[in-house]
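Down below is the structure, laid out as structure tokens.
The values are calculated or read from the model by the stated rules, or taken from the named source; none is laboratory data. None of the values given here were measured: they were computed from a predicted structure. Neighbour counts are summed over all protein chains in view; Cβ atoms, including those assigned to glycine, are modelled from backbone coordinates with ideal geometry.
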Amino acid sequence: MAENKDNSQPEQEKNKVDFDFRAHEAPYFDAWMEQGSFRRSPGRGAHADESYTVVIPPPNITGVLHMGHALNNTIQDACIRRARMQGYQTRWVLGTDHAGIATQTKVDKKLSEEGVSRLALGREAFIEACYEWYGEYGSTIVSQLKAMGCSCDYDDEHFTLEPAYVKAVRKVFVDWYHDALIFRGKRIVNWCPSCTTAIADDEVEYIDEAGKLWYLRYPLAEPCEGTEYVVVATTRPETMLGDSGVAVSPKDARFKHLVGKAVRLPIVGREVPIVSDFVVDPDFGTGLVKVTPAHDQNDYAIGERAGLEKINVFDEGAHVVEGYGDLSGMGRDEAREAVVARFEELGLLDHVEEHPHNVMTCYRCHTKLEPWLSEQWFVAVDRLKAEAARVVEDGRVAFFPQRWKQVYLDWMENLKDWCISRQLWWGHRIPLFYCDACGWEDASMEDLTSCPVCAGALRQDEDVLDTWFSSQLWPFVTMGWSDEGMDAPELQQAYPTQVLSTARDIMGLWVARMVMSSMYFCDEVPFNQVLIHPTVMGADGKPMSKSRGNGVDPLRLMEDYGADGMRFGLLMQVTGSQDLKFNEAKLESSRNFANKIRNAARFTSMHLDGFVPGGPEAQTPVDRWIFSRLAGLVARLDQAFDAYEFGEATRELYAFFWNEFCDWYLEFSKGRLAGGGDDRAVCQRNLVFVLDTALRLLHPIMPFITEEIYQGLPCEKDAPYLINAAWPDARALAAYLDPRSERALVLVTEAVSAVRSARARYGISPKTALSVAVKAAGEDAALLEEQRQLLLDMANLSGLAIDADAAKPPEASVALVAGLEIYIDLAGLVDFAAERTRLEGEQKKAAADVQKLEAKLSNPGFLSKASPEVVEKDRARLAKTQGMLERIAAQLEEIG
RNA sequence: GGGCGUUUGGCUCAGCGGGAGAGCACUACCUUCACACGGUAGGGGUCACUGGUUCAAAUCCAGUAACGCCCACCA
């Protein structure tokens with residue numbers, strides 16, 4: 001074993017290859033664009049009347065291509081390209097998302113770097129700045145998709161703030177408002193004091209914090225049975241300013257006598273009641289909980305049940321509001337220290353414990369969130385979610401891998417009302433109009449200025465909608481729903497879409513909501529299938545992140561391995577598992593594979609002098625073999641693609657092209673091509689046929705190199721570009737399936753390998769011709785005889801005897817492979833001491849096998865219960881191994 | 001606290017009821033006229049552990065352990 005190996009260091013320098021991938025890729029992309037290959041394809045053949053549509057998960061306009069995009073878009077492009085070749089009417093809908101918080105944060109930062117504050121600028125000018133930013137950077141990712149070779153419909157690109165989209169979002173809001181599915185409520189929301197907006201529950205990120213648990217003494221208003229005070233435990237002492245009660249568990253006998261009594265809050269001096277509530281856990285802390293309904297979800301619920309006051313102690317920036325003396329104006333952390341200090345001074349700080357716990361942070365800026373009571377808009381999900389669950393239960397929307405179905409249903413089941421208002425400027429403004437004079441309000445498709453009741457001035461709601469509110473409409477709005485509803489031709493023709501491919505983390509946020517809104521407005525599922533692809537983790541198995549430094553840039557990967565190499569290498573790593581530990585070595589071998597393809601094509605084209613186009617001809621066993629293998633490959637690939645098993649598909653392609661086509665078929669062809677006449681012509685046509693078919697099968701995953709080679713092929717073509725050529729038909733190819741020829745090639749390749757193996761073992765040069773006798777009978781003998789010349793050439797033999805009674809020459813090495821006995825005459829070439837050692841090793845192994853098989857075959861249970869084929873197979877195996885053992889013994893005796 | 005996933009050669013992963021596979025790494029030989037991003041031949045694994053089902057278990061079931069992810073109101 002080698003020592004001091006260090007596999008953790010990626011040797012990027014070593015991976016570098018002097019090859020300009022872009023120069024080979026870009027021209028074909030341009031050609032596809034030019035001839036309109038990315039528009040909806042017209043359809044042909046058996047699927048001519050069926051549509052196949054995919055909508056891209058719209059990347060954020062703030063985004064640059066990361067590994068998640070690279071994988072997801074490779075998957076979608078592979079699906080789309082194959083469907084296009086299969087003859088479906090295909091279209092991949094492209095667009096970007098305005099990404100409310102993300103973009104606003106980014107523009108905000110840019111402005112403040114320029115010394116401009118958003119508030120000073122004002123709403124309109126700020127939105128203007130956002131559009132400017134969009135104009136400058138918004139299409140970065142689209143150009144990166146082009147570099148990857150993604151065959152999106154670039155001529156019809158969408159944006160979640162384009163006019164048609166704005167109209168659609170507004171209609172959805174107005175309709176749901178009038179259908180009582182949107183309501184306003186004063187509730188506890190997750191408030192980000194830095195972004196100064198509410199964010200949804202599922203946008204919260206929890207992080208671990210080494211917090212403390214403070215035990216605070218609250219004096220009773222009236223001492224009770226000798227008790228002067230109660231002790232409450234809290235992780236957030238500063239919120240005690242807003243306490244309006246203390247709660248105990250109804251099951252807790254210790255404090256039963258205190259329920260109904262009151263405590264006097266230190267510092268604020270307010271008297272608040274002690275109540276009982278079932279959510280209190282008597283075993284946590286002291287069993288007494290301070291209740292702050294305005295700053296905690298749970299406390300809010302307790303407060304509702306007990307009729308407690310909701311006292312807001314923070315402003316929107318999380319500073320203590322007026323009325324708390326010198327505490328007013330303090331930030332949360334400062335206020336915490338001050339409150340604790342005050343308790344200490346008053347002798348009311350009982351003790352403090354270490355208490356690690358989770359805190360909620362903003363998924364954008366990671367500021368600690370403040371549960372905050374405020375007025376927000378909500379979508380009432382109860383009516384929507386029933387239908388959205390049903391279509392998944394009954395399979396109208398199918399998940400791949402299947403296990404995500406249950407995850408979806410669980411999420412749906414636990415879904416709570418969705419807070420959709422955001423206190424931002426960049427986004428879809430809520431189309432709700434208020435009359436301050438008479439209190440009239442309504443949602444409206446048009447901007448209203450005067451009250452229809454009292455003619456007073458109206459004002460529009462200041463808030464914008466959650467970005468997901470617009471994203472949920474993506475599948476149908478991008479297909480023309482805004483102006484014509486479901487009558488839009490594209491929707492009529494191509495809805496629902498075929499498959500939605502995404503990462504698991506936005507399944508609830510996005511996938512589920514698309515189903516809800518589509519069922520409501522389109523009365524139709526948005527997609528038939530949902531593909532949840534694995535999440536790309538860093539090489540260390542942890543999520544890629546800047547702070548960890550384990551991130552990988554797809555742009556660099558494309559430079560080093562080409563877009564094809566990156567695509568193939570990524571798909572090689574896709575399995576049914578939920579994570580994918582990124583492995584760059586796979587991209588390297590994919591790049592090498594692309595090089596292999598290039599060279600196989602070069603070899604072919606070098607031998608095409610005098611080529612006459614024509615169909616394939618299964619003339620020799622070798623031809624029949626490769627056609628048979630090809631037919632099997634297409635069938636297995638169809639299965640893999642249909643089940644979205646991309647790792648399987650890449651492995652099949654790799655093994656066929658490299659280990660069968662290149663390693664054997666091309667080698668077999670060399671002799672035929674060097675010869676002349678008819679067989680040479682047949683061989684040329686067959687080579688081109690197999691290569692052409694393989695290119696078609698590879699194209700969805702490696703679009704560039706396959707197109708480049710296809711362009712140079714001299715065969716008759718069904719389309720000028722491979723992107724539009726037909727996908728091989730497994731049913732038609734099945735006629736080539738030929739077990740007999742497959743057996744023949746097993747015999748040949750095994751025999752050739754056996755001779756080569758003997759050569760390597762004894763250091764005999766490939767240039768030294770050897771004499772070989774093969775003991776074979778019946779069908780096998782006939783098959784081998786048919787291919788005598790091939791064996792002579794491939795193994796460099798001076799003589800070959802094939803006979804059922806072939807005798808072993810006195811000084812020969814024997815190989816037992818594929819049921820054959822092969823004698824390789826080594827007279828005068830070999831030291832037989834080494835051969836003895838080798839044979840003894842084989843003897844040991846064979847003896848062990850015989851013992852195992854004999855035990856198995858004397859087991860009555862096995863004989864009576866195992867299927868006859870299995871028993872027969874093992875019998876044959878035993879006979880064969882026993883024969884081997886005898887022969888080895890005989891040889892050993894001979895060698896002496 | 002629930003749910004899910006993973007555990008197979010040095011590394012990254014396939015296989016998921018009938019004799020352990022791939023890529024990379026490793027060893028030896030080969031600058032052979034498609035390809036050294038290559039060729040040929042090799043070495044390397046009691047399939048996490050413990051029980052169970054079965055004629056037969058890497059594969060199915062139960063439990064254990066480790067790692068990872070998601071959900072949840074322990075103040």
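Kindly check whether there is at least one residue in the range A:214-231 that is buried (at least 22 other Cβ atoms within 10 Å of the Cβ) and not aliphatic (A, V, I, L, M).
Yes, there is a match, as at least one residue in the range A:214-231 is buried (at least 22 other Cβ atoms within 10 Å of the Cβ) and not aliphatic (A, V, I, L, M).
As an exercise: evaluate residue A:616 against (1) touching a helix residue (DSSP H, G or I) at 6+ places or on another chain (Cβ under 6 Å); (2) part of a helix (DSSP H, G or I) and give the number of the one condition it does not meet.
Checking residue A:616 against (1) touching a helix residue (DSSP H, G or I) at 6+ places or on another chain (Cβ under 6 Å); (2) part of a helix (DSSP H, G or I), the one that fails is (2).
Among the candidates A:453, A:397, A:477, which residue alone is farther than 30 Å from residue A:644 by Cβ and more than 16 Å from RNA strand B (Cβ to nearest atom)?
A:453
Tell me, which residue of the range A:627-645 that is assigned to a loop (DSSP other than H, G, I, E, B) and within 11 Å of RNA strand B (Cβ to nearest atom) is surrounded by the fewest Cβ atoms within 10 Å (Cβ to Cβ)?
Selected residue: A:643.
Which pairs do you get when a residue that is assigned to a helix (DSSP H, G or I), found in the range A:598-609, comes within reach of a residue that is among the β-branched types (Val, Ile, Thr), reach meaning Cβ atoms under 6 angstrom, with the pair 6+ apart or on two chains?
Pairs found: A:601/A:709.
May I ask you to verify whether residue A:836 is in contact with a Lys or Arg (Cβ under 9 Å, 6 or more places away or on another chain), among the charged types (D, E, K, R), more than 9 Å from RNA strand B (Cβ to nearest atom) and under 30 Å from residue A:791 (Cα atoms)?
When the stated conditions are applied, residue A:836 does not pass them.
Quick grid of which residues meet (1) modelled with pLDDT of 90 or more; (2) within 53 Å of the chain's Cα centre (by Cα); (3) surrounded by 13 or more Cβ atoms within 10 Å (Cβ to Cβ); (4) within 25 Å of residue A:626 (Cβ to Cβ):
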| residue | (1), (2), (3), (4) |
| --- | --- |
| A:750 | yes, yes, yes, yes |
| A:754 | yes, yes, yes, yes |
| A:765 | no, yes, no, no |
| A:771 | yes, no, yes, no |
| A:774 | yes, yes, yes, yes |
| A:791 | yes, yes, yes, yes |
| A:794 | yes, yes, yes, yes |
| A:797 | yes, yes, yes, yes |
| A:807 | no, no, no, no |
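Can residue A:289 be described as at pLDDT 85 or above, in contact with a strand residue (DSSP E or B) (Cβ under 6 Å, 6 or more places away or on another chain) and crowded, with 20+ Cβ neighbours inside 10 Å?
For residue A:289, the condition - at pLDDT 85 or above, in contact with a strand residue (DSSP E or B) (Cβ under 6 Å, 6 or more places away or on another chain) and crowded, with 20+ Cβ neighbours inside 10 Å - is met.
Can you name every residue in the range A:669-687 that is more than 14 Å from residue A:793 (Cβ to Cβ) and either away from RNA strand B (no atom under 15 Å from the Cβ) or among the small types (Gly, Ala, Ser) (or both)?
Correct list: A:676, A:677, A:678, A:681, A:682, A:685, A:686.
I want to confirm something. Restricting to the range A:523-579 and keeping residues that are more than 14 Å from the chain's Cα centre (by Cα), closer than 26 Å to residue A:52 by Cβ and charged (D, E, K, R), which single residue is farthest from RNA strand B (Cβ to nearest atom)?
Among those residues, the one meeting the criterion is A:523.
Condition check: touching a residue at least 40 places away in the same chain (Cβ under 8 Å), within 14 Å of RNA strand B (Cβ to nearest atom), surrounded by fewer than 18 Cβ atoms within 10 Å (Cβ to Cβ) and not small (Gly, Ala, Ser). Does residue A:746 satisfy that?
So residue A:746 passes the test.
So that you can scan it fast, the table gives a plain yes or no per residue for (1) out of contact with any Cys (no Cβ under 9 Å at 6 or more places or on another chain); (2) more than 10 Å from RNA strand B (Cβ to nearest atom); (3) not in a helix (DSSP H, G or I):
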residue	(1), (2), (3)
A:596	no, no, no
A:647	yes, no, no
A:653	yes, yes, no
A:667	yes, no, no
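What helices (runs of 4 or more DSSP H) completely inside the range A:20-127 contain at least 3 residues that are basic (Lys, Arg)?
In the range A:20-127, A:67-86, A:100-113 are the helices (runs of 4 or more DSSP H) which contain 3 or more residues that are basic (Lys, Arg).
I'd like to verify a number: residues in the range A:778-834 that are among the hydrophobic types (A, V, I, L, M, F, W, C), in contact (Cβ under 8 Å) with a residue 24 or more places away in the chain and out of contact with any helix residue (DSSP H, G or I) (no Cβ under 9 Å at 6 or more places or on another chain), how many?
Number of matching residues: 3.
May I ask you to list the residues in the range A:270-314 that are of a type in the set (A, V, I, L, M) and within 14 Å of RNA strand B (Cβ to nearest atom)?
A:274, A:275, A:279, A:280, A:288, A:289, A:291, A:294, A:301, A:302
Just one of the numbered conditions (1) surrounded by fewer than 23 Cβ atoms within 10 Å (Cβ to Cβ); (2) within 21 Å of residue A:691 (Cβ to Cβ); (3) within 14 Å of RNA strand B (Cβ to nearest atom); (4) among the hydrophobic types (A, V, I, L, M, F, W, C) is not true of residue A:612; which one?
The number of the failed condition is (3).
Among the residues of the range A:878-887, are any within 11 Å of RNA strand B (Cβ to nearest atom), farther than 30 Å from residue A:826 by Cβ and among the basic types (Lys, Arg)?
No - not one qualifying residue is present in the range A:878-887.
Taking helices (runs of 4 or more DSSP H) that fall entirely within the range A:778-896, which contain at least 2 residues that are of a type in the set (Lys, Arg)?
Per the criteria, A:832-857, A:868-895.
I need a count of the residues in the range A:546-583 that are part of a loop (DSSP other than H, G, I, E, B) and basic (Lys, Arg).
2
Kindly list the number of the only condition in (1) touching a residue at least 24 places away in the same chain (Cβ under 8 Å); (2) touching a Phe, Trp or Tyr at 6+ places or on another chain (Cβ under 7 Å) that fails for residue A:405.
(1)
Going through the range A:491-522 one residue at a time, which ones are in contact (Cβ under 8 Å) with a residue 40 or more places away in the chain and under 14 Å from residue A:91 (Cα atoms)?
Across the range A:491-522, the qualifying residues are A:493, A:494, A:495, A:497, A:498, A:499, A:500.
Just one of (1) within 14 Å of RNA strand B (Cβ to nearest atom); (2) over 30 Å from residue A:467 (Cα atoms); (3) modelled with pLDDT of 85 or more; (4) in contact with a Lys or Arg (Cβ under 9 Å, 6 or more places away or on another chain) trips up residue A:347, so point out which.
Exception for residue A:347: condition (1).
Scanning for something touching a Leu at 6+ places or on another chain (Cβ under 6 Å), part of a helix (DSSP H, G or I) and of a type outside the set (Asp, Glu), does the range A:718-737 turn up at least one residue?
no
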